[in-house]
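The structure appears right after this line, and notes come after that.
The values are calculated or read from the model by the stated rules, or taken from the named source; none is laboratory data. Treat the numbers as computed from the prediction; the structure is a model and nothing was measured. Quick reminder, even Gly has a Cβ in these numbers, built from the backbone with ideal geometry, and neighbours come from all protein chains shown.
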Amino acid sequence: MELETQTAGALEQAPAQCGYAFDILTLFPGLFDGLRQESLLGKALQTGVVELATHNFRQWATDRHNTVDDEPFGGGPGMVLKPDVVVRCLREVRQKRPGAKVVLLSPAGRLFKQETAVAWAKLPGLILLCGRYEGFDARVEDEVDEVVSIGDYVLNGGEVAAMVIVEAVGRLLPGVIGNAASLNEESHSTALLEAPHYTRPREFEGRSVPAELLSGNHAEIARWRLRQSLQRTRERRPELLAGLDTRAWSKKDRQWWAEQTGEGPATKARPQRVAPGAPDRGAAAPADEL
Ligand code: 6GU
């Protein structure tokens, strides 16, 4: 009987032990229903590789109206989430998740980046606190490990930001993405933007797939992709090129890049394609490919 129980227990616990847990603390748990059902992450959730649990702050309110917010001291618009309610909820969830990082989502947080996602994918889980209204009582911050923003814009609440983090971290977990190789070459894991991709048909509405990709020559394809990545990055996110390391490049590639950036002997930059409506950065070359 004892042996039987142990064996059954070990089998049942195995997926939970190797799994990853996202705990979302929110006033709107229903917003996460779609995320659960769709996409690769939805499949991982169904197979038990990843767990996603929502916890409604309101269940930790103690008065008969289930009050979760109150007016801000000092005046001003909006309501503030009560620290007692939030902290009760957080402590209960945290107790069940040893090793999980507690993250409060706020536009006033540190920026969430790919490197953050990579680091957090190595943890056993994340506890994500989503605020609405004007935010949390500031004393809640004493109970969290990090305050994080997903970008320089303001959302009505932290829920969509939490979904962004679940997606970014979730896809790095073993068993969530089918093709592990695609994790390495994509944007931000290499600090350059990805080269463009093409599929059939070879010609679409008068625009052809670049000949290099049809050549069957792997070295030529790799060179074309590197150059496309560099041009794209220079055009769309020039700030990412600040720490560019060209030491491992071929002499040819280095020479080509010097020409592109106007540092080489041939200083005429290759005309850059400019996205419609892109801000004029002054140095933008003619958009001859549009
Ligand atoms: Cl984490 N929350 C909210 N409300 N707005 C944001 C954000 C987070 N990140 C960017 N904007």
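Some observations on this one:
- Just one of the numbered conditions (1) without any contact (Cβ under 8 Å) to a residue 60 or more places away in the chain; (2) part of a strand (DSSP E or B) is not true of Asp63: (2).
Every residue, every condition in (1) surrounded by fewer than 21 Cβ atoms within 10 Å (Cβ to Cβ); (2) more than 16 Å from the ligand (Cβ to nearest atom); (3) of a type in the set (D, E, K, R); (4) in a helix (DSSP H, G or I), yes or no:
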site: Arg58; (1), (2), (3), (4): yes, yes, yes, yes
site: Gly74; (1), (2), (3), (4): yes, yes, no, no
site: Glu92; (1), (2), (3), (4): yes, yes, yes, yes
site: Gly99; (1), (2), (3), (4): yes, yes, no, no
site: Arg110; (1), (2), (3), (4): yes, no, yes, no
site: Val118; (1), (2), (3), (4): yes, yes, no, yes
site: Arg139; (1), (2), (3), (4): yes, yes, yes, yes
site: Gly157; (1), (2), (3), (4): yes, no, no, no
site: Ala168; (1), (2), (3), (4): yes, no, no, yes
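- Remark: Leu183 falls outside the filter, which requires a residue to be at pLDDT 95 or above, away from the ligand (no atom under 16 Å from the Cβ) and not in a loop (DSSP other than H, G, I, E, B).
- Residue in the range 189-204 that is hydroxyl-bearing (Ser, Thr, Tyr), surrounded by 12 or more Cβ atoms within 10 Å (Cβ to Cβ) and at pLDDT 95 or above present: yes
Results for (1) within 16 Å of the ligand (Cβ to nearest atom); (2) touching a strand residue (DSSP E or B) at 6+ places or on another chain (Cβ under 7 Å); (3) aromatic (Phe, Trp, Tyr), shown as yes or no for each residue.
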position	(1), (2), (3)
Val80	yes, yes, no
Val87	no, no, no
Val103	yes, yes, no
Gly125	no, yes, no
Arg171	no, no, no
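- Residue count for the range 141-155, restricted to those that are more than 7 Å from the ligand (Cβ to nearest atom) and assigned to a strand (DSSP E or B): 2
- Subset of the range 76-90 (residues that are assigned to a loop (DSSP other than H, G, I, E, B), of a type outside the set (A, V, I, L, M, F, W, C) and surrounded by 14 or more Cβ atoms within 10 Å (Cβ to Cβ)): Lys82
- Selection of first residues in the range 110-139 that are of a type in the set (Asp, Glu) and of second residues that are in a strand (DSSP E or B) and surrounded by 14 or more Cβ atoms within 10 Å (Cβ to Cβ), restricted to Cβ pairs under 7 Å at least 6 apart or on distinct chains, gives the following pairs, ordered by first then second residue: Glu134/Val80; Asp137/Val80; Asp137/Leu81.
- Test: Ala285 is at pLDDT below 95 and over 31 Å from the mean Cα position of the chain (by Cα): yes
- Candidates in the range 22-41 are the residues that are modelled with pLDDT of 95 or more and outside any helix (DSSP H, G or I); of these, the one that is farthest from Leu81 (Cα to Cα) is Phe22.
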